[in-house]
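Report on one structure; see the data block that follows.
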Amino acid sequence: MKKFLGTFVFMLILLMSISIVFDLSEKLNDFIGNGAPWNEIIFTYYTNFFLYYGAQFSYLLNFISVIWFTSKMAGNTEIVPILSAGVSFKRFLRPYFYSSAILVIVTILVYNFVLPGSNHERIIFEETYYRDKNNRIDVRMQISENEILFFHHYDGTKKIISDFSFQRLNGTRLEYELHADKAVGDTTNNNWSFQNVAIREFGDKNDQLTYTKKLDTTLSFSVSDLVFRSNIIEAMDAKELDEFIEKQRLSGSEDVPFYLIEKHKRWASPFAIFILTLIGVSVSSKKTRGGLGINIAIGLGVCVVYIFAMQMTTVAAINVGFTPFLAVWLPNIIFSFVAYYLYLKAPK
């Protein structure tokens, strides 16, 4: 367990340090050009960068760690005496799975309780000092069962919506319509300010039409509900994500499968640690002529196939209606059979 967890931490620090160096070299000019303070770059952005990508690739780092130190044990002829002394391979695997259980629990806790707040800080930093401003064109959304809106353009720099229309229905009958040349919404609440407003209220016999230069009012939604980047769901905890998915379902959003995939990945990715641990031990516990190199190559190959399978099923869920739950868990299901087969073939 000491070798397992120690190697995992070493691999995590090593890989993330390399990633941070490459990321900083790519973004440094943007950070400096946008006036990002160094203390925020280091302690706000890259601290949360480390947490985010460390959690995202924890199952692969775990797999490489298992391959690494198990191959070294096999190369030093440490495993053969253990098995020759009467210790079963199943008993030999026990510390591996104790260590994997620790990593699974920690990863689940990080995904669901630590990362949402951490990602919120990282995304705000990126929006302020790195990303292009969010612009949207020709948007139509159903906010609820009886509320629909349209707008022509959202300027992410000025945070202004142009050609804004909001309609409220009573069953199938239109009862209220608001049109404004410009709209400005508060990102933290549902307060709105409109310019050049025309309001039409539909009656049974007569309609009432009102014009005003400026109108400040409160609606049932905020500007954040209308214009957001897809990565904003990474900053939501489990409850917020469920509420957001339900709201997107009501609005008729085509991106609901994408959000469901994010929800299920928070559980499927940690459990992949168990499966990849069994594969790693089964592959690397036998001493081979190629030594550590051949085992690392096999491990990287399995990683590539696993990531490819996950991407394929994700694309299928988004584009051809594949069930998001099955899309996320199918690679784990397939690789669990692979792991069991390799376990049966492993030296006993």
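Can you find, within region 28-49, the residue that is surrounded by the fewest Cβ atoms within 10 Å (Cβ to Cβ) among those that are closer than 17 Å to P116 by Cα and among the β-branched types (V, I, T)?
My answer is T47.
Looking at I108, I79, I148, I143, can you tell me which residue is closer than 30 Å to T47 by Cβ, surrounded by 15 or more Cβ atoms within 10 Å (Cβ to Cβ) and among the β-branched types (V, I, T)?
Of the residues listed, the single one that is closer than 30 Å to T47 by Cβ, surrounded by 15 or more Cβ atoms within 10 Å (Cβ to Cβ) and among the β-branched types (V, I, T) is I108.
Looking for something polar (S, T, N, Q), in contact with a Ser or Thr (Cβ under 6 Å, 6 or more places away or on another chain) and farther than 16 Å from I108 by Cα - is there at least one such residue anywhere in region 57-64?
Within region 57-64, not a single residue is polar (S, T, N, Q), in contact with a Ser or Thr (Cβ under 6 Å, 6 or more places away or on another chain) and farther than 16 Å from I108 by Cα.
Going by the structure shown, is E121 assigned to a helix (DSSP H, G or I), more than 30 Å from L344 (Cβ to Cβ) and out of contact with any helix residue (DSSP H, G or I) (no Cβ under 6 Å at 6 or more places or on another chain)?
Judged against the criteria, E121 is not a match.
Determine, yes or no, whether D225 is more than 24 Å from V328 (Cα to Cα) and modelled with pLDDT of 80 or more.
When the stated conditions are applied, D225 does not pass them.
Do we have Y52 as among the aromatic types (F, W, Y), assigned by TED's automatic domain parsing to the domain that holds A101 and surrounded by 21 or more Cβ atoms within 10 Å (Cβ to Cβ) here?
Here the answer is no, as Y52 does not meet what is asked.
What do you reckon, is G54 over 24 Å from the mean Cα position of the chain (by Cα) and farther than 20 Å from S282 by Cα?
Answer is no for this residue.
Determine which member of the set G171, G156 is out of contact with any Lys or Arg (no Cβ under 9 Å at 6 or more places or on another chain), modelled with pLDDT under 85, outside the structural domain of I275 (by TED's automatic domain parsing) and small (G, A, S).
Just a single option satisfies the conditions, and that option is G171.
Please name all residue pairs, on different chains or six or more residues apart, with Cβ atoms under 8 Å, provided the first residue is in region 116-127 and is touching a residue at least 40 places away in the same chain (Cβ under 8 Å) and within 11 Å of I233 (Cβ to Cβ) and the second residue is hydroxyl-bearing (S, T, Y) and in a helix (DSSP H, G or I).
Filtered contacts from region 116-127: N119/Y52.
Can you spot a residue in region 279-286 that is among the basic types (K, R), touching a helix residue (DSSP H, G or I) at 6+ places or on another chain (Cβ under 9 Å), at pLDDT below 75 and assigned by TED's automatic domain parsing to the domain that holds I64?
So far as region 279-286 goes, no, none of its residues is among the basic types (K, R), touching a helix residue (DSSP H, G or I) at 6+ places or on another chain (Cβ under 9 Å), at pLDDT below 75 and assigned by TED's automatic domain parsing to the domain that holds I64.
The values are calculated or read from the model by the stated rules, or taken from the named source; none is laboratory data. Note that the structure is a prediction, hence the values are computed from the model and not measured. Glycine gets a Cβ as well: all are built from the backbone with ideal geometry, and neighbour counts include every protein chain shown.
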